[in-house]
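Notes to accompany the following structure.
The values are calculated or read from the model by the stated rules, or taken from the named source; none is laboratory data. Computed from a predicted structure; not experimentally measured. Cβ sites come from the backbone with ideal geometry, for glycine too, and all protein chains shown count toward neighbours. Accessible surface is based on the protein model in full, side chains and every heavy atom, while ligands, DNA and RNA are left aside. Shrake-Rupley method; radii C 1.70, N 1.55, O 1.52, S 1.80 Å.
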Amino acid sequence: QVQLVESGGGLVQPGGSLRLSCAASGRIFRFNIMGWYRQAPGKERELVATATSGGSTYYADSAKGRFAISSDNAKNTVYLQMNSLKPEDTAVYYCKITVFPNNYWGQGTQVTVSS
């Protein structure tokens, strides 16, 4: 059984930075695709960033130039570095890992950007 545990969320002022972590436990050899999603109150969950095992990355327009997705395969951990945070980045952030053919989701971590 694969479990994902996210951490790193919290309250930050506009312009600040946070790094989210998503640690995977269980029988994972290698991620095929890793991703971060977010869901703001009253809105649908949206894609923030993804990366493939081949090195391809994708960022939502709202994340380009500010966020960076990365991983440490030795630690089975996925990261999302978020810089220049804005109030509209406030949401619950979820990590998703695909190990074909299965998808695994974390429980979410709250990010609040407010002065």
Ranking ILE33, ILE69 from most to least accessible area with a 1.4 Å probe gives ILE33, ILE69
Considering Cα pairs under 8 angstrom that are at least six residues apart, work out the relative contact order of segment 23-106 and quote it in whole percent. 34
Nearest 20 debye, what's the magnitude of the dipole of the chain about its Cα centre given +1 on Lys and Arg Cβ and -1 on Asp and Glu Cβ? 200
Compare GLY42, GLY55, GLY26 in a GNM of the chain, Cα atoms joined below 10 Å, and give the one with the largest fluctuation. GLY42
Looking only at SER21, SER56, SER71, which one moves most when the chain is put into a Gaussian network model with springs between Cα atoms under 10 Å? SER56
Considering only protein heavy atoms, what is the solvent-accessible area of LYS64 at a probe of 1.4 Å, reported in Å² to the nearest 10? 120
Starting from segment 1-83, pick out the chymotrypsin sites (Phe, Trp or Tyr not before Pro) whose DSSP state is loop and whose Cβ has at most 15 other Cβ atoms within 10 Å. PHE29
